[in-house]
Amino acid sequence: MTHPTPASMLFFDLDDTLVDDTVATEAAVIALFKHYQPEQLSDALSHWKRALKLYYPAFLQGKLPAAEMRQARIREALQLPTISSERAEQAFEYFMQQYIAATQLYPDTLVCLEELLQHGWRLALVSNGPEDMQQRKVKAAGLQPYFEFVLTAEVAGAAKPDAAIFEQALARAKLNANAGCYVGDNLTNDAKGAVAAGLSSVWLQRQSTISHEFQPLAGVTWKISSLAQLTQCISLR
């Protein structure tokens with residue numbers, strides 16, 4: 001098997017690629033509702049998901065600042081439309097503390113990152129999450145030593161699948177697009193977005209029936225079901 005040169009770089013998604021966002025979110029939402037709205041606990045997750053769908057797209061489109069997005073989500077999720085901005089921020093911070101405490105890496109994450117560094121790959125994170133949330137998550141998960149930088153949609157002023165965020169990541173890395181490869185779990189935002197921006201891509205689908213083999217896809221460089229397969233397919237780029 002051949003190995004990439006040190007000039008090659010992998011850009012990673014964070015949530016549901018390296019860390020289990022689903023588990024952390026569910027734990028934090030339950031804790032939030034137990035603290036603020038225990039009578040609505042049975043509907044906590046549905047309320048939270050509804051608030052996310054209502055306000056997160058506007059944040060990603062640059063139409064809603066992160067603070068306003070946080071506050072709007074809390075008011076909607078907890079069904080407390082008249083609470084002050086200060087109280088809404090306090091509630092979101094309570095959620096964040098529970099979320100960070102519940103953040104966990106997938107079992108294959110560190111093994112993969114260690115192997116990539118040993119083989120000379122440069123690594124960075126490119127995420128659609130808010131700056132504060134993602135940076136805190138990266139620190140809590142112990143991921144900082146593995147990545148040259150973390151670029152979020154909030155800092156970039158653009159969100160995946162917009163080519164602008166990939167282009168900013170490449171500029172930071174001082175690379176042309178053909179020297180970069182993006183790894184993420186979302187077919188549209190990650191895999192196809194990266195390809196449209198000129199990078200190659202790896203689509204990680206953890207729920208896939210593929211267990212021991214990776215496969216090439218039209219328009220997406222590779223599809224894998226585990227990060228354990230990543231070094232195999234990128235060596236063929």
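The values are calculated or read from the model by the stated rules, or taken from the named source; none is laboratory data. Since this is a predicted model, take the numbers as computed values, not measurements. Backbone-built Cβ (ideal geometry, glycine too); neighbour counts: all protein chains shown.
Worth pointing out:
- Enumerated strands (runs of 3 or more DSSP E) restricted to segment 140-237, each holding at least 2 residues that are touching a Gly at 6+ places or on another chain (Cβ under 6 Å): none
- Within segment 118-139, the set of residues being part of a helix (DSSP H, G or I), surrounded by fewer than 16 Cβ atoms within 10 Å (Cβ to Cβ) and of a type outside the set (S, T, N, Q) comprises D132, K139.
- Among the candidates A44, A67, residue that is in contact with a helix residue (DSSP H, G or I) (Cβ under 6 Å, 6 or more places away or on another chain) and either of a type in the set (D, E, K, R) or in a helix (DSSP H, G or I) (or both): A44
- Pairs, first in the same structural domain as A173 (by TED's automatic domain parsing) in segment 104-123, second surrounded by fewer than 16 Cβ atoms within 10 Å (Cβ to Cβ) and charged (D, E, K, R), C-beta under 7 Å, six or more apart: R122/E148; L123/E148
- Residue list for segment 140-165, restricted to those being more than 14 Å from the chain's Cα centre (by Cα) and more than 19 Å from L116 (Cβ to Cβ): A140, V155, A156, G157, A158, D162, A163, A164
- Within segment 105-117, the only residue that satisfies the criterion of being surrounded by fewer than 14 Cβ atoms within 10 Å (Cβ to Cβ) and in a loop (DSSP other than H, G, I, E, B) is P107.
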